[in-house]
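The values are calculated or read from the model by the stated rules, or taken from the named source; none is laboratory data. Keep in mind that this is a model prediction, so the values were computed, not measured. Backbone-built Cβ (ideal geometry, glycine too); neighbour counts: all protein chains shown.
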Amino acid sequence: MNIDFDFKTITGEPKKFSDYKGNALLIVNVASKCGYTPQYAGLEKLHETYEPKGLKVVGFPCNQFGGQEPGTEEEILSFCTSNYGVKFDMMSKIDVKGAAQHPLYKWLTTNAMPAGDVKWNFEKFLVDRSGNIVARFESGVAPDSERLKREVEKVLA
C-alpha cells in the first residue's frame, strides 16, 4: 500500500491504514440507531468466516445520517458487543462526508466506482490486499448477500 491514513480505535489507541497491510478490508460506516443496524450481525459473521483467510472488517461509526449514531465511543462499543457480539475492528467516530470528511473516506469516495459521497449508514467498500478499492456496496446490500460474499472470496483467492 502506497497510501496511509491515521485514525483511532474505538478505545482510543492510534491505528494506521498500513497496519492492515497484506489483508483485504471491508470498510463500513456504521450506526446504532439505523434501520440497517442489524447488519452488524452479518458483518460479524463475515469477520468470523473470512478473517482467518485475510479479511478484516473495519467499522467507522458516523453520526452524519439522521443523527443515528449519537453515542460516545464507550456507548457504541457496549451496544455493538452486547447486542451483536461484534469482535471486528471498530474505530472512533468520524465524518465520512462534508467539510470534516476523514481523509480515508475522501480517498474511498474519490477512487471507488462509482465515485461520490457516502449516501447513508452501512455503505461498504472492499479493498484488496494491495490497497486497491475493488467494490462498493450501497447500504441495502446485506453482508450475507451472495454478491458481496462473491466479491470477498475473489479478493481472498
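Could you identify the single residue in K97, K87, K93 that is over 12 Å from the mean Cα position of the chain (by Cα), within 21 Å of E13 (Cα to Cα) and at pLDDT 95 or above? Just one listed residue meets the conditions, K87.
If you go through the range 93-124 and pick out every residue that is loosely packed, with under 14 Cβ neighbours inside 10 Å, in contact with a helix residue (DSSP H, G or I) (Cβ under 9 Å, 6 or more places away or on another chain) and aliphatic (A, V, I, L, M), you end up with 1.
The residue list P38, P14 contains one member that is at pLDDT 95 or above, surrounded by fewer than 20 Cβ atoms within 10 Å (Cβ to Cβ) and more than 18 Å from S139 (Cβ to Cβ), which is P14. The numbered conditions (1) over 22 Å from V141 (Cβ atoms); (2) surrounded by fewer than 18 Cβ atoms within 10 Å (Cβ to Cβ) are all true for I76 except (2). Of the strands (runs of 3 or more DSSP E) contained entirely in the range 1-116, those carrying at least 2 residues that are in contact (Cβ under 8 Å) with a residue 24 or more places away in the chain fall at 6-8, 24-30, 55-61.
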